Structures are given as structure tokens and as C-alpha cells.
Amino acid sequence: MTIARLKSAGLAGIADKVEARARLTFDEGRQLFQAPDLLALGWLANRERERRHGARTYFNHNLRLEATNVCTASCLFCSFARLTPGDEGAHTSTIDQVLAKLRERAHQPLTEIHIVNGLHPDLPFSYYTELLRGLKRIRPDIHLKCFTAVEIAFFADLYGKTDEQVLVELREAGLDSLPGGGAEIFAPRVRQKICHDKCDGDRYIAIHRTAHRLGMRTNMTMLYGHIETIDERVDHLLRIRALQDETGGLQAFIPLAFHPDNNQMRKLPAPSAADTLRVLAVARLLLDNVDHIKAYWISCGVEVAQAALWFGADDLDGTVQEETIYHMAGSSTPTALSTGDIERLILDAGREPIERDTLYNVVRVPAAV
Ligand code: V47
């Protein structure tokens with residue numbers, strides 16, 4: 001990328017700062033989102049990506065499970081939740097039914113189970129602890145990345161515990177880390193409109209802080225491409241950066257592209273591929289203290305995820321297998337990819353696949369095919 005190109009994109013000053021490892025400001029975050037030259041922005045983000053990870057691109061062999069879609073929250077963007085038990089499409093699995101899904105996959109070298117549920121008002125807390133214990137009994141080696149901070153807050157309020165007690169008790173039952181769902185956009189203006197009846201941004205962040213203090217790692221997400229402004233995106237990213245300065249406990253940031261089908265925001269268009277690449281690139285540049293930027297192929301589509309590996313992303317998530325949230329909201333991606341599919345996608349993008357576990361330990365370096 002020539003200096004002239006960066007200059008005409010208005011990014012020369014930022015390029016110098018990033019090269020000098022100087023921290024970008026709020027205004028510079030805004031400037032990055034407004035830069036019209038997507039390739040210049042991508043080039044800058046890719047330079048950072050390669051400085052940290054070279055061509056290495058991570059994925060894991062994971063399984064998404066969901067035990068219930070009954071949910072007391074009424075998030076406008078959600079196509080997955082059913083408000084009350086008995087509503088058409090509402091389901092709550094027994095613990096044995098969830099465990100059976102893992103037993104069916106006894107032959108798979110899975111390293112992670114990722115569980116996100118609705119906020120069910122009637123289940124006892126023991127349902128969740130027994131679920132974790134049951135999963136660990138079947139596969140003690142599997143990492144359990146379960147329950148968003150929104151669910152942790154809900155459990156605390158419903159069962160009369162503190163957020164910390166909930167985390168400690170779930171950890172004793174086998175919980176290893178928290179996934180990043182439920183962050184949406186932290187700005188109260190947006191949260192009030194799209195998800196007013198779940199925990200606010202401050203509590204979401206506080207729960208991650210507590211989890212880090214207890215020695216757990218976590219991820220964070222941002223739902224983009226709906227009613228949020230550029231300033232609200234930058235604010236969201238800088239809140240994440242500030243927490244990471246404090247704790248160092250975040251592993252990955254995952255931008256989630258809004259999907260408009262079958263939900264109350266269906267009149268809005270889905271974000272474009274250009275916007276997706278821009279969000280990933282800006283995240284790589286602003287989140288100078290977060291190691292991994294994940295292009296979740298279910299959310300951004302397989303093709304865009306592949307391009308994203310040149311726009312700041314170094315991780316594709318994993319095999320997934322039982323995804324429902326995005327497919328109910330109109331995602332046309334497959335519901336699962338094999339590890340071979342993911343390896344080919346990465347190699348075909350000119351990158352180097354690395355199978356990792358949830359904590360980014362290398363599990364396998366696939367041979368080039
Ligand atoms: O919390 C719900 C989002 C999240 C829609 O931590 C929607 O490694 C777009 O958090 N359009 C769940 N997004 C998924 C998630 C996740 C995914 C992959 C990896 C990790 C990780 C976390 O999906 C929800 C919500 O923010 N979501 N509905 C929708 N219509």
C-alpha cells in the first residue's frame with residue numbers, strides 16, 4: 001500500500017500511530033469507520049493481524065447446543081426466543097436429551113461445547129449445574145463455554161444469588177469460560193430500544209470482570225448493522241478495550257452481523273459485506289489489547305469470512321453443528337462445517353489453518369492439501 005493511497009484515504013496519520021504501537025483515540029475510531037477506502041483500511045488491519053499472527057488462522061472443533069428457547073426477554077432482533085412455555089415452537093430439552101446430543105458424537109474429537117439458552121423463568125438452578133456435570137461426566141476433557149453474561153445476571157436475579165455466586169457455582173459444576181453473546185451494543189440509547197429487559201451494558205461488563213477475577217477467560221461480541229450509530233460502535237469497542245486493560249481476561253472479539261428475518265426489526269436491511277469487513281478491520285485496529293478477532297462464518301457468511309482473513313480476522317470459530325439463532329433469523333450458511341471444510345476455506349484464502357482449543361492452545365496443524 002503506497003503512502004499516497006493511505007494519505008488520500010485520510011489514514012496516513014493513523015497508519016503511523018499504529019505502526020508506532022500508539023493507542024488510537026475515539027475520534028480516530030470514528031475516522032476509521034468513515035474512511036471510504038475499504039482496501040486501505042483492510043491493509044492497515046491486515047498489517048496488525050500479520051504482526052500478531054502471521055498467516056495463522058484459528059478454528060476449533062466445537063458443538064453449539066441449546067437446551068431451551070423459552071425466554072423472558074423480548075429483544076427486538078431475536079428470532080429464536082419463544083416467550084412462554086407452550087408457545088408454538090417453544091422447547092425445553094430434558095438434561096438427558098441434551099446429553100444424548102453429546103453421546104451421539106462420541107466419535108468426534110470435539111474440544112468445546114458452546115451453550116446459549118433463552119432466559120427460562122421456571123427451571124431450577126440445578127438444571128444448569130446438572131447439565132454441566134452431565135456433560136463433563138461424558139467427556140471430562142471438553143471445554144464448556146456456556147451462558148452469556150446476560151444469562152448469568154438473569155440466574156442471579158431469579159435464584160437470589162450474587163453474580164459472583166452464580167459464576168462460582170457454575171464453575172464448580174464444570175463451567176470453563178463465558179461466550180461473548182448478549183453484548184449487543186452497550187450504549188443505553190440502543191439497549192433501551194432493542195433489548196430493554198435484559199441486563200445493561202455496565203452489568204454485562206462487570207460480570208466479565210468478575211469472571212476474569214475468578215480465573216475464567218471470556219469473549220465479547222457486538223451486534224452491528226441495525227440502529228446503532230458509528231459513535232455507538234466506537235464507544236462499544238472502547239469499553240471492551242478498557243476492560244481488557246484492567247483484567248486481560250478477554251480472548252476474542254466477535255462482531256455479529258444483524259440478521260433481519262423473522263424478528264421485530266425485519267424492516268431493516270442486513271449489513272453489507274463491505275460493512276462487515278469494515279467492522280472487523282476497525283476492531284482489529286482499535287482493540288490493540290485483544291489477541292483474536294473472530295469472523296464467525298455463521299453470522300457473516302462463509303464467503304465474507306474467507307475475505308475477512310485479509311481484513312484483520314485471524315479466527316473463524318469452529319464446526320458449530322447445531323446452530324439455531326442465526327438460521328431462524330435468515331442465515332443461509334450451512335449449519336455445520338467439517339474441520340476439513342474449514343481447513344480448505346482457510347488454505348484457499350492463502351492462510352495457514354491451525355486447529356486450536358478454546359484457550360488457543362494448538363491442537364493440530366493440518367497438513368497443506
Ligand atoms: O447473544 C441474536 C446474537 C448472539 C440475532 O463467544 C443475532 O465465541 C444477528 O454470541 N442477528 C449469540 N445476531 C451468538 C454469540 C457467539 C457466536 C459465536 C461465537 C461466540 C463466542 C459467541 O447472537 C446473541 C445475539 O447477540 N443474535 N439474534 C440476529 N437476528
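Listing for the model above:
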item	result
Integer Hz, Karplus 6.51/-1.76/1.60 couplings in order for segment 321-332, x for Gly and Pro	6, 10, 6, 10, 4, 7, 6, 6, 9, x, 5, 9
Crossing angle, helix 163-173 versus the chain [Cα axis fit, 0-90 degrees, rounded to tens]	70
Exposed-site-free run, longest, the chain (rule: GluC sites (Glu not before Pro); DSSP loop; at most 10 other C-beta within 10 Å)	105-369
Rounded to whole Å, sorted largest first: equivalent-ellipsoid semi-axes of segment 243-369, Cα gyration tensor	23, 20, 14
Per principal axis, descending, Cα span of segment 56-364 in whole Å	47, 46, 41
Carbon/sulfur fraction of accessible area - segment 1-138, other protein chains in place, 1.4 Å, %	54
Helix 201-213 vs. the chain, principal-axis angle (Cα, 0 to 90°, nearest 10)	80
Cα extents of segment 146-246 along the three principal axes, largest first (Å)	40, 29, 17
Residues of segment 189-211 with amide N under 15 Å of the 7 Å Cα→Cβ point at Leu76	189-198
Exposed-loop-free span, longest in the chain, where trypsin sites (Lys or Arg not before Pro) count as exposed if DSSP calls them loop and at most 11 other C-beta atoms lie within 10 Å	22-266
Cysteines in the chain lacking a second Cys C-beta under 4.7 Å	Cys71, Cys146, Cys199, Cys300
Normalised contact order of the chain, rounded percent, pairs of Cα under 8 Å and 6 or more residues apart	22
Whole-number accessible area per residue in Å² for segment 22-140, which is evaluated in the context of all protein chains at 1.4 Å	41
Set of lysines with alpha-carbon distance to Lys267 below 29 Å, sequence-local pairs under 8 removed	Lys193, Lys198, Lys294
Zone of Asn361's modelled label, taken as backbone nitrogen in segment 196-240 under 16 Å from a point 7 Å along Cα→Cβ	216-217
Cut-off under 5 Å, modelled amide H: who pairs with Val70 long-range	Arg82, His91, Gly118
Accessible area of segment 232-332 belonging to carbon and sulfur atoms, whole % at 1.4 Å probe	51
FRET efficiency, Glu164 to His91 (Cβ-Cβ, R0 30 Å, nearest 0.05)	0.45
Solvent-accessible area per residue for segment 154-279 (1.4 angstrom probe, square angstrom)	38
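The values are calculated or read from the model by the stated rules, or taken from the named source; none is laboratory data. Just so it is clear, the structure is predicted and the values come from calculations on it, not from any experiment. Cβ sites come from the backbone with ideal geometry, for glycine too, and all protein chains shown count toward neighbours. Note: areas computed on protein heavy atoms with side chains; ligands, DNA, RNA excluded. Shrake-Rupley method; radii C 1.70, N 1.55, O 1.52, S 1.80 Å.
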